[in-house]
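What follows is a single structure, written as structure tokens, with notes after it.
The values are calculated or read from the model by the stated rules, or taken from the named source; none is laboratory data. As the structure is a computational prediction, the values presented were derived from the model and not from experiment. Every residue, glycine as well, gets a Cβ built from its backbone with ideal geometry; the counts of neighbours run over all protein chains shown.
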Amino acid sequence: MKRLVLALDVYERERALEIARETSDYLWAIKVNWPLILGAGLDVIKELKETANVPLIADLKLADIPNTNRLIAGKVFEAGADYVIVHGFTGRDSVNAVKELGEVIIVVEMSHPGAEEFIQPVADGLIKLANDVRPFGVIAPATRPERISYIRSKLRDGIKILTPGVGAQGGSAKKALEAGADYVIVGRSIYESKNPREKARKFHEELMGAI
Ligand code: 3DU
């Protein structure tokens, strides 16, 4: 089973497709975020799926009223995204507006230092929201494996944990998995390396060894 998600945060369509082609053997999914969507256009989602033949996660971190979330998510699912990442703090109506259209992943805690200011203090409420809404998964921080364990202990069975913050942000793939994550998200450590395929292979093997 593959557990690696490539965060493809480059601007250029050609470069994105090339990295996707090189690394796809080791990926469970590819995650696109605003940099690539703004740089290459929404059609890059379909092109990536055709190139890499893996699920596509659109990391838009939607955080708007239900109607606007619905309008945005509609376009993104139509473009071929399999999962859309939404913020939970806007409330369950905003999250459900997206879930009615397709699979969602809810941010319950982030990996950067500033996450301790506002998001971490309300994580319990966001975990409860996820348990009620039953998304495909939640986002939890690889930079704080103890928080992954905590979130796992509170989360309803079957909801996946996807964890960014490995590599460039200092987190360890193995520790994240051991703490209870299902999938590990890696961006710069792979796409900025001289040999993205080799880097992806190493992460894949590290993740296989951790199980
Ligand atoms: O730090 P990296 O280059 O490995 O990229 C991490 C990706 O995951 C990037 O797209 C970022 O926007 C996303 N992400 C986080 O890093 C932390 C979060 O809490 C949520 C998403």
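Regarding the stretch 155-165, can at least one residue be identified that is away from the ligand (no atom under 11 Å from the Cβ), surrounded by fewer than 19 Cβ atoms within 10 Å (Cβ to Cβ), of a type in the set (Lys, Arg) and under 26 Å from LYS199 (Cα atoms)? For the stretch 155-165, residues away from the ligand (no atom under 11 Å from the Cβ), surrounded by fewer than 19 Cβ atoms within 10 Å (Cβ to Cβ), of a type in the set (Lys, Arg) and under 26 Å from LYS199 (Cα atoms): present. Just one of the listed residues (VAL133, VAL138, VAL108) is more than 9 Å from the ligand (Cβ to nearest atom) and within 23 Å of HIS204 (Cβ to Cβ), and it is VAL138.
Test GLN169 against the criterion of being within 20 Å of VAL95 (Cβ to Cβ), among the polar types (S, T, N, Q) and within 16 Å of the ligand (Cβ to nearest atom), and give yes or no. When the stated conditions are applied, GLN169 does not pass them. Scanning the stretch 177-188 finds one or more residues that are among the aromatic types (Phe, Trp, Tyr) and either buried (at least 19 other Cβ atoms within 10 Å of the Cβ) or within 12 Å of the ligand (Cβ to nearest atom) (or both). Close Cβ contacts (under 7 Å, 6 or more residues apart or on different chains) running from residues in the stretch 159-188 that are part of a loop (DSSP other than H, G, I, E, B) to residues that are surrounded by 22 or more Cβ atoms within 10 Å (Cβ to Cβ) and among the charged types (D, E, K, R) comprise ASP182/ARG3. When only residues in the stretch 88-105 that are of a type outside the set (A, V, I, L, M) and either within 13 Å of the ligand (Cβ to nearest atom) or not in a helix (DSSP H, G or I) (or both) count, which is surrounded by the most Cβ atoms within 10 Å (Cβ to Cβ)? Per the stated criteria, the residue is GLY88. For the structure I just gave you, tell me whether LEU62 is within 19 Å of ARG188 (Cα to Cα) and of a type outside the set (Gly, Ala, Ser). No: the conditions fail for LEU62. Whether a residue is in contact (Cβ under 8 Å) with a residue 24 or more places away in the chain and either of a type in the set (Asp, Glu) or buried (at least 19 other Cβ atoms within 10 Å of the Cβ) (or both) was assessed, and ILE65 does not pass this test. Inclusion of SER193 among residues that are within 14 Å of the ligand (Cβ to nearest atom) and either surrounded by fewer than 17 Cβ atoms within 10 Å (Cβ to Cβ) or at pLDDT 95 or above (or both) is warranted. Among the residues making up the stretch 38-87, a single one is more than 23 Å from LEU27 (Cβ to Cβ), in a loop (DSSP other than H, G, I, E, B) and among the charged types (D, E, K, R): ASP64. Taking (1) surrounded by fewer than 17 Cβ atoms within 10 Å (Cβ to Cβ); (2) within 12 Å of the ligand (Cβ to nearest atom) in turn, PHE118 satisfies each apart from (2).
Does at least one position in the stretch 84-106 carry a residue that is at pLDDT 95 or above, of a type in the set (A, V, I, L, M) and over 25 Å from VAL184 (Cβ atoms)? Within the stretch 84-106 (the criterion being at pLDDT 95 or above, of a type in the set (A, V, I, L, M) and over 25 Å from VAL184 (Cβ atoms)), the answer is yes, since at least one residue qualifies. Among the candidates PRO135, PRO141, PRO35, the residue that is in a helix (DSSP H, G or I), at pLDDT 95 or above and closer than 28 Å to ALA168 by Cβ is uniquely PRO35.
What single numbered condition from (1) away from the ligand (no atom under 16 Å from the Cβ); (2) over 16 Å from VAL5 (Cβ atoms) fails to hold for ILE127? Result: ILE127 fails condition (1) only.
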